[in-house]
Amino acid sequence: MNRWLDRGITLLLLALLGWAGWSILHWLLVGADWSVVTTNLPLYAVGSFPADQRWRPLLWMAALITLTLLTLTGPKRGWVRRWLPLVWIAMAPLGLWLLAGGLGLLPVGTRSWGGLTLTLLLTGGSGALALPLGILLALGRRSELPVLRWSSAAYIELMRAVPLIAVLFFGQLLIPLFLPPGLEINRVLRAVVAFALFAAAYIAEDVRGGLQAIPPTQREAAAVLGLSPRQVLQLVVLPQALRVALPSLTNQAVGLLQNTSLMAILGLVELLGISRSLLANPAFIGRYLEVYLWLAAVYWLACSAMALLARHLEVQLDPARSAS
Amino acid sequence: MRQRRLLVQVGVAALLIGLLALLVNNLAVNLIRTGLGLGFGWLGRPAGFALAETALPYAPSDSYLWALTIGWLNSLKVIAAGLVLATGLGVAAGAARSSNNRLLRSLAAGYVALIRQVPLLLQLLFWYFVAFLGLPSVPIGGLIRLSNQGIQLLGLNLSVEFCAVLVGLTVFTGASIAEIVRGGINAVPRGQWEAFRSLGLGEGLGLRRIVLPQALPAILPALTSQYLNLAKNSTLAIAVGYADLYAVSDTTITQTGRAIEGFLLLLLSFLLLNLLISGGMAAFNRAVLGRLNRSR
Amino acid sequence: MTVAIRATDLVKSYSQGVRALDGVTLEVNRGEVLVVMGPSGSGKSTLIRTFNGLESLDGGALDVLGVRLDATHAERQVREIRKRVGMVFQQFNLFPHLSILDNITLAPIKVQQRAKAAAEQRAMDLLDQMGIREQAHKYPAQLSGGQQQRVAIARALALDPEVMLFDEPTSALDPERVKEVLDAMRQLAKGGMTMVVVTHELGFAREVADRVMFMDRGQVVETSDPETFFSNAREERSRRFLNQMQH
């Protein structure tokens, strides 16, 4: 009886898969026109960056890809391995310099930033801001001082209650209102700040989970060695807590990358935004499926690469890995 | 020691108040410059814009408040339907991942792996522009009628926008729920499976009556946070032109320039919505745990 | 003979009026090994945890190496004591994210500002002394319980403490691992270290202790030399406890 049901399900699924496969094949052979992707590759990569300066964002992305491959498949030890973390940290300022220019490079306004470059920059920039802020909020929420505890908790809970799109929208709208008149910050920076303020609340909860997982005896053991409260936190508690929180922090990072697409609604031409403007071009009208499939593939690759890197970091940091 | 703690607290409080005062001061200066005060009187003025989808009678001459209420109801509609469908899909996919059928298992795994690595917004656009706007007009058995104008289901008229948002949210949230359900099922000791099998119970019955009830206490808290996510994510409806609460707020703010008040209203609405969802889940949680405890 | 620790009428109460310490008075001389015994819940762990400020006091006063602790002492006094008093816990409490060597050198480098090379040299000597030199570059999770506890002892010794506190150091160990830890402690006692040891190991107490103190319900029942305590305890409660332990 059960066996027959099993076979029935298998047959049904095979039929469905066959039909889907045939439709896709048919569409690929007859319907699809990939020119909307192939002729616009530079736009997807760097947006409307001045053509003669395109090498700058492209160089940055090439460096990122090389670094990713090197980290995942490079030598397991030696000087390359030792310098990798530093090089990763240097990527953010390097990217900013290559995009914005100055110091010998032609300045390029943020208006011309776009495509995958902008997506990665938004992710990296807001992540770099959100992580320290999130850690501070988590520590604040666990503080013995009521004022600190309440204000951190209030911030975290409020931020987690509202949708991201609202935070981003009001970030664009409200940040200028709260700044002194005359001081203006550009759209990209406003977006980065809004993303970071939002993500920090979620990161704080993940870090708090990590902090809760560290037994109080670890604090005791560190304290009786004469370490100061700050040293106990910095040398013993936080390193362990962050390691515990790493898998959920990875999810946050992947989520952050995906959520940068929301800036398309607010008019930034990151990866999704540039595609929307391409689809509005009469030459490519109706080519939704090609563009969306292409985008899905790019996002999928980027997210998977991030998840792989994080997994790699987890293994690297695992104290139980054989040290021999 | 006690004095120092007090001092630190006063310092933190002073810093926060100072920061807040600075922000509010800047805000006041900016509001005076732009000639806008703060207030909610504008809520009574006619909205002047049309809404494509209204659960209750609405005309552009109605007030902003009424327009926002309509948006609220539209949000509620898509969230409620999304919660039910995503739960169904998620439980089915999660259960499929512990199925004996290898094809079913790998299909469910593929679904989760694909959906979770692609932005929801992109998925929504796909459902709207490719799946629903691309629909040919086909009647199915007289009761259901699909077309790129909408879906007629037993006399119920569903707009394409609503369907796209609903399907997008369902498929996206379903993948996360599937992971939660799988985790919950895996947490039930293997001995329980062997026990019901040895009693001659079928796989489906055993899953429904033995395994899932035991997995529930572990599943429910994570499920609540997914429900809250679904509610928050429903605001992406604006990308496909579905007139939900956020979309109406957005239009209202653009027309009136009342960003602060609009943000406060939106914040309040979502706090209420979150309270509704987590309150409902807490009650459900208590009921389930109560039943489990009684039966022990 | 100078006094290392002097406790006067210590009181520590938990919620619902339970008194973990109910007027404990004692002295520990320099170079002395004091073994504290008693049934679980008798307050012996609470007592030695007050010696380095892990437990606060509700009444009475402590003089540890000339530093005073009482119900209102400052955090600074506690840190002063902790730099000069080492402690070993029942559950080892090594730092799982640091290698054995880093576990031992952390405090010497960060608290005592010693040079890294010197701290590592000293750590290797201590590991040698504990018989686990070859484990230096492993992580705690890769060691047996007995090895971990010996690392914990080395970690405490790396700060060159004047007093060592042991809180049931062998209770979490497999029976066949107990001896290696006791041997290390025995060696330490022979070297003249001032030690306060909470333990159920009768053999260790009989052989190593200068005095044995028996506690019950937060009070000191009796303090004797081991010979007297084990063969001719004064109090009925002590005799009953010893009877139970020997069966």
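The values are calculated or read from the model by the stated rules, or taken from the named source; none is laboratory data. All figures in this text were calculated on a predicted structure; none of them were measured in a lab. Cβ: placed from backbone, ideal geometry, glycine included. Neighbour counts: every protein chain shown. Ligands, DNA and RNA are stripped out before the accessible areas are found, and what is left, the full protein with its side chains, is counted by its heavy atoms. Shrake-Rupley method; radii C 1.70, N 1.55, O 1.52, S 1.80 Å.
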Between B:A28, B:A80, B:A131, where does the largest GNM mean-square fluctuation fall for chain B, given springs only between Cα atoms within less than 10 Å?
B:A28
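When the Cα atoms of the stretch A:114-223 are enclosed in a convex hull and the volume is divided per residue, what value in Å³ results?
Convex hull volume per residue, Cα atoms: 136 Å³.
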Of B:T256, A:F198, C:V88, whose Cα points farthest to the positive end of the dipole of the protein assembly as shown (charges on the beta-carbon: +1 Lys, Arg; -1 Asp, Glu; origin at the Cα centre)?
B:T256
Could you give the alpha-carbon Rg of the protein assembly as shown over 2.2 N^0.38 Å, rounded to two decimals?
1.16
Give the angle, between 0 and 90 degrees and rounded to the nearest 10, that separates the Cα long axis of helix B:160-187 from the longest principal axis of the Cα atoms of chain B.
50 degrees
Residues of the stretch C:112-144 with accessible area at least 50 Å² lower in the all-protein-chain context than alone (1.4 Å probe)?
C:Y139, C:Q142
Could you work out the helix-only [θ] at 222 nm for chain A, with each DSSP H run of four or more residues adding -39,500 (n - 2.57) and the total divided by the number of residues, to the nearest 500 deg cm²/dmol?
-24000 deg cm²/dmol
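Could you size up the charge dipole of the protein assembly as shown around its Cα centre, putting +1 on the beta carbon of Lys and Arg and -1 on that of Asp and Glu, and report it in debye to the nearest 20? Each step should come with its number before you reach the end.
Values: 76 positive and 54 negative charges, 127 e Å.
With Lys and Arg at +1 and Asp and Glu at -1, about 620 debye.
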Chain C accessible area per residue, 1.4 Å probe, protein heavy atoms, integer Å², reads 43 Å²
So for R0 = 45 Å, FRET eff. of C:M124-B:L272 from the Cβ-Cβ r, to 0.05, ends up at 0.10
What dipole magnitude, in Debye to the nearest 20, does the stretch C:87-191 give about its Cα centre under +1 on Lys/Arg Cβ and -1 on Asp/Glu Cβ?
220 debye
Quick note, the stretch C:1-71: a/c under 1.5 would make it rounded; otherwise a/b > b/c is prolate and the rest oblate (a ≥ b ≥ c, C-alpha gyration tensor); here it is oblate
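Just for the protein assembly as shown, what percent of DSSP beta bridges are antiparallel, to the closest 5? Provide the component values of the computation, followed by the final result.
On the way: 33 of 51 bridges.
In the protein assembly as shown, DSSP labels about 65 percent of beta bridges as antiparallel.
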Could you state how much accessible area B:L275 has, in square angstrom rounded to the nearest 10, with a 1.4 Å probe and all protein chains kept in place?
120 Å²
Within 10 Å of each Cβ of B:202-213, how many other protein chain Cβ atoms are there on average?
1
Taking R0 as 22 Å, what's the FRET efficiency between A:A297 and B:V84 from their Cβ-Cβ distance, rounded to 0.05?
0.10
Whole angstrom only: what separates the Cα centroid of the stretch A:139-160 from the Cα centroid of the stretch A:280-300?
43 Å
Could you order peptides C:181-190, A:309-318 by the average number of other Cβ atoms within 10 Å of their residues, highest first?
C:181-190, A:309-318
So which lysines pass the test for B:K232, namely a Cα distance under 26 Å, with those fewer than 8 places away in the same chain ruled out?
B:K77
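Per the helix-only calculation at 222 nm, which mean residue ellipticity applies to chain C, given -39500 (n - 2.57) for every DSSP H run of n ≥ 4 and division by its residues, nearest 500 deg cm²/dmol?
Numbers: 9 runs with 94 residues, N = 247.
One gets -11500 deg cm²/dmol as the mean residue ellipticity at 222 nm.
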Occluded residues from the stretch C:81-100, i.e. those whose accessible area drops by 20 Å² or more once the chain is not alone (1.4 Å probe):
C:R82, C:F89, C:N93, C:F95, C:P96, C:H97
Just give the residues from the stretch B:246-268 buried by at least 20 square angstrom of accessible area in the all-chains context relative to the isolated chain, probe 1.4 Å, and say none if nothing qualifies.
B:Y246, B:D250, B:I253, B:A259, B:I260, B:F263, B:L266, B:L267
Count the net charge of all other residues whose Cβ sits under 12 Å from the Cβ of C:Q91, scoring Lys and Arg as +1 and Asp and Glu as -1.
-3
Please get the size of the charge dipole for chain C, origin at its Cα centre, with Cβ charges of +1 on Lys and Arg and -1 on Asp and Glu, quoted in debye to the nearest 20.
480 debye
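Counting heavy atoms of the protein chains only and a 1.4 Å probe, report the per residue accessible area for the stretch B:68-295 as a whole number of Å². Write out the running numbers ahead of the final one.
Values: 9930 Å² over 228 residues.
Per residue, the stretch B:68-295 has an accessible area of 44 Å².
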With Cα springs under 10 Å, the Gaussian network model of chain C assigns the largest mean-square fluctuation among C:P161, C:P175, C:P226 to C:P175
Roughly what % of DSSP beta bridges within chain C run antiparallel, to the nearest 5?
55 percent
With a 1.4 Å probe, what is the total accessible area buried between chains A and B, in Å² rounded to the nearest 100?
4300 Å²
Which residue, A:P239, C:V221, A:P229, has the largest displacement toward the positive end of the dipole of the protein assembly as shown when charges sit on each Cβ (Lys, Arg +1; Asp, Glu -1)?
A:P239
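First check a/c for the stretch B:8-101, with a ≥ b ≥ c the square roots of the eigenvalues of its C-alpha gyration tensor; if it is under 1.5, answer rounded, and if not, answer prolate when a/b is larger than b/c or oblate otherwise. Please report the intermediate quantities before stating the final value.
Working: a/c = 4.71, a/b = 1.36, b/c = 3.47.
Verdict is oblate for the stretch B:8-101.
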The stretch B:68-295 - Rg (one decimal) and Dmax (whole number), Cα, Å:
20.1, 68
Dipole of the stretch C:128-168 [Lys/Arg +1, Asp/Glu -1 at C-beta], most positive-end residue of C:P161, C:Q142, C:I132
C:Q142
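In Å², nearest 100, what accessible area do chains C and A bury in total when the solvent probe is 1.4 Å? Present the calculation step by step, with values, prior to reporting the outcome.
Numbers: alone 11530 and 19110 Å², together 28590 Å².
It comes to approximately 2000 Å² buried between C and A.
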Volume in Å³ per residue [convex hull over Cα atoms, computed for the stretch A:115-318]
141 Å³
Using the Cβ atoms and a cut-off under 12 Å, what net charge is assigned to the surroundings of A:V167, where Lys and Arg are +1 and Asp and Glu are -1?
+3
Everything considered on the Cα gyration tensor (a ≥ b ≥ c; rounded for a/c under 1.5, else prolate if a/b is larger than b/c, else oblate), the stretch C:164-219 must be described as oblate
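Could you work out [θ]222 nm for chain B from helices alone, using -39500 (n - 2.57) per DSSP H run of at least four and dividing by all its residues? Round to the nearest 500 deg cm²/dmol. If you can, show how the numbers build up before the last one.
Details: 10 runs with 198 residues, N = 296.
After summing the helix terms and dividing by the residues of chain B, the value is -23000 deg cm²/dmol.
How big is D for the stretch A:220-299, in µm² s⁻¹ as a whole number, if Stokes-Einstein is applied with the Kirkwood radius of its Cα pairs at 37 °C and 0.692 mPa s?
In µm²/s, the coefficient rounds to 201.
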Given a 1.4 Å probe, how much area per residue of chain A is accessible, in Å²?
49 Å²
Phi angles of the stretch A:216-228, converted by Karplus (6.51 cos²θ - 1.76 cosθ + 1.60, θ = phi - 60°) into ³J(HN,Hα) in whole Hz with x for Gly and Pro, give x, 5, 5, 4, 4, 4, 6, 5, 6, 7, x, 5, 6
So the angle from the long Cα axis of helix B:64-96 to the longest Cα principal axis of chain B, reported in degrees to the nearest 10, equals 20 degrees
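How much of the accessible area of the protein assembly as shown, in percent, comes from carbon and sulfur atoms when a 1.4 Å probe is used? It would help to have the intermediate numbers written out before the result.
Working: 25650 of 41210 Å².
Looking at the protein assembly as shown in its full context, I get 62 percent from C and S.
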Just to confirm the number: angle between the C-alpha axis of helix B:212-233 and the first principal axis of chain B, 0 to 90 degrees, nearest 10?
30 degrees
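If A:I185, A:I89, C:I100 are ordered by their accessible area, calculated over protein heavy atoms with a 1.4 Å probe, which sequence runs from highest to lowest?
On the way: A:I185 50, A:I89 120, C:I100 0 Å².
Heavy-atom accessible area, descending, gives A:I89, A:I185, C:I100.
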